[in-house]
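Everything below concerns the one structure shown next.
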Amino acid sequence: MLEKLQIIKQRFDEVSDLIIQPDIISDQKRYVQLNKEYKDLRLLMDKREAYIELSNNLKEAEEIIADGSDAEMVEMAKMQYDEAKAGIPKLEDEIKFLLIPKDPEDSKNAVVELRAGTGGDEASIFAGDLFRMYSKYCESKGWRVDVVDYSEGTNGGFKEIQFEVSGEDVYGTLKFEAGVHRVQRVPQTETQGRVHTSAATCMVFPEAEEFDIEIDPKDVRIDFFCSSGPGGQSVNTTYSAVRLTHEPTGLVAQCQDQKSQHKNKEKAFKVLRSRLYDLELAKKQEEDAAKRGSMVSSGDRSAKIRTYNYPQGRVTDHRIGLTLYDLSNIVNGDIQKIIDELQLAENTEKLKASDEHI
């Protein structure tokens with residue numbers, strides 16, 4: 001373990017030196033990458049110091065116990081020995097998880113898209129419930145949510161809604177939410193009191209920086225149109241909404257949330273970049289998942305990932321067979337415990353893969 005950590009210390013010293021070099025500071029892309037690497041390595045360096053301290057404590061305690069001349073010292077050394085003996089394996093596990101190579105996308109912001117699936121009006125209402133759940137969760141994490149585009153359902157909720165989430169390690173957290181979410185409950189529109197099953201799809205893209213993906217302006221058709229929905233008189237009279245069509249791929253991104261055409265265009269380009277980036281990423285994820293046989297983040301968007309059963313107050317995540325009888329808190333944004341379990345499952349898979357590789 002110490003040999004591995006020594007190699008990492010060398011890299012940490014190298015990165016610490018590089019991020020203060022003027023030529024690195026002037027190269028934005030390289031500087032951002034190195035800064036992120038520095039933060040990750042700093043965490044490992046703290047664990048390394050704790051590991052060295054515990055190893056030294058263990059060695060020192062063993063020497064005092066072996067000497068045995070001072071009974072009081074031996075008693076204290078035994079406590080020190082037990083503490084170090086219990087602490088080292090725990091710390092080794094933490095270090096192993098930190099040594100798993102991180103996906104560079106995980107630290108990015110995310111673009112999330114919710115679409116009502118089967119179930120008519122009830123599916124739109126459910127997509128609205130999911131948006132509320134994610135908004136509350138993001139708020140609890142101190143992340144910012146910006147709506148980009150939406151189309152309201154006829155009886156409430158949304159046929160579709162797209163929003164950006166900005167903060168720390170957003171994509172690495174929210175990527176587990178991608179897939180089909182099912183709800184089982186009695187719809188407000190149902191007169192017989194029968195339980196219906198409806199669905200909504202969640203898509204999560206890492207937000208692409210300009211230097212991640214370059215778009216040739218000649219490939220993009222830009223259309224301006226009047227916004228629809230709430231927003232006062234300016235909504236239907238000003239051509240402020242923007243629709244971008246990327247002709248080589250047929251991908252479309254639009255934004256009508258801002259009153260200014262320029263701001264809407266900027267947001268729509270952000271989404272288009274992220275979608276193009278996600279196309280590349282989806283290919284890579286499929287290859288990785290096939291290699292690992294991963295259940296957690298297979299990149300399959302048609303996969304049913306979670307069921308919210310209202311009559312039983314139950315939420316089940318089908319990927320890891322997790323069932324929680326805490327529906328009311330979960331739909332109010334308390335989804336951290338589900339995400340923790342999914343992250344643990346993915347890390348365990350990665351750990352197995354890296355052990356096999358070694």
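The values are calculated or read from the model by the stated rules, or taken from the named source; none is laboratory data. Owing to the predicted nature of the structure, the values given are computational and were not obtained by experimental measurement. For neighbour counting, all protein chains shown are included, and Cβ atoms are generated from backbone atoms with ideal geometry for every residue, glycine included.
A few comments on the model shown:
- Pairs with Cβ under 8 Å, 6+ apart, first in segment 40-66 and in contact (Cβ under 8 Å) with a residue 40 or more places away in the chain and closer than 27 Å to Asp13 by Cα, second assigned to a helix (DSSP H, G or I) and basic (Lys, Arg): Arg48/Lys9
- Count - residues of segment 106-127 that are in a helix (DSSP H, G or I) and surrounded by fewer than 23 Cβ atoms within 10 Å (Cβ to Cβ): 4
- The conditions of being hydrophobic (A, V, I, L, M, F, W, C), farther than 24 Å from Leu251 by Cβ, in contact (Cβ under 8 Å) with a residue 24 or more places away in the chain and assigned by TED's automatic domain parsing to the domain that holds Lys136 are met by Val183.
- Verdict on Glu286 being over 19 Å from the mean Cα position of the chain (by Cα) and either at pLDDT below 70 or polar (S, T, N, Q) (or both): no
- Annotation: Gly193 fulfils all but one of (1) touching a Pro at 6+ places or on another chain (Cβ under 8 Å); (2) at pLDDT below 90; the unmet one is (1).
- Among the candidates Asp93, Asp106, the residue that is within 23 Å of Gly167 (Cβ to Cβ) and either touching a residue at least 12 places away in the same chain (Cβ under 8 Å) or under 28 Å from the mean Cα position of the chain (by Cα) (or both) is uniquely Asp106.
- Close contacts from segment 146-158, counting a first residue that is crowded, with 17+ Cβ neighbours inside 10 Å and a second that is in a strand (DSSP E or B) and of a type in the set (Ser, Thr, Tyr), with Cβ to Cβ under 7 Å and a gap of 6+ residues or different chains, come to Phe158/Tyr150; Phe158/Ser151.
- Among the residues making up segment 213-243, those that are of a type outside the set (S, T, N, Q), touching a Ser or Thr at 6+ places or on another chain (Cβ under 9 Å) and modelled with pLDDT under 70 are Gly229, Val235.
- Residue in segment 21-43 that is farther than 26 Å from Asn109 by Cβ and surrounded by 14 or more Cβ atoms within 10 Å (Cβ to Cβ) present: no
- Residue pairs whose Cβ atoms lie under 7 Å apart, sitting 6 or more positions apart in sequence or on different chains, and linking a residue in segment 7-27 that is assigned by TED's automatic domain parsing to the domain that holds Leu44 and within 10 Å of Leu41 (Cβ to Cβ) to a partner that is surrounded by 12 or more Cβ atoms within 10 Å (Cβ to Cβ) and basic (Lys, Arg), are Lys9/Arg48.
- Failed condition for Leu130, given (1) in contact with an Asp or Glu (Cβ under 6 Å, 6 or more places away or on another chain); (2) more than 21 Å from Leu251 (Cα to Cα); (3) surrounded by 15 or more Cβ atoms within 10 Å (Cβ to Cβ): (1)
- Residue in segment 68-92 that is nearest to Lys47 (Cα to Cα), counting only those that are surrounded by 11 or more Cβ atoms within 10 Å (Cβ to Cβ) and among the acidic types (Asp, Glu): Glu92
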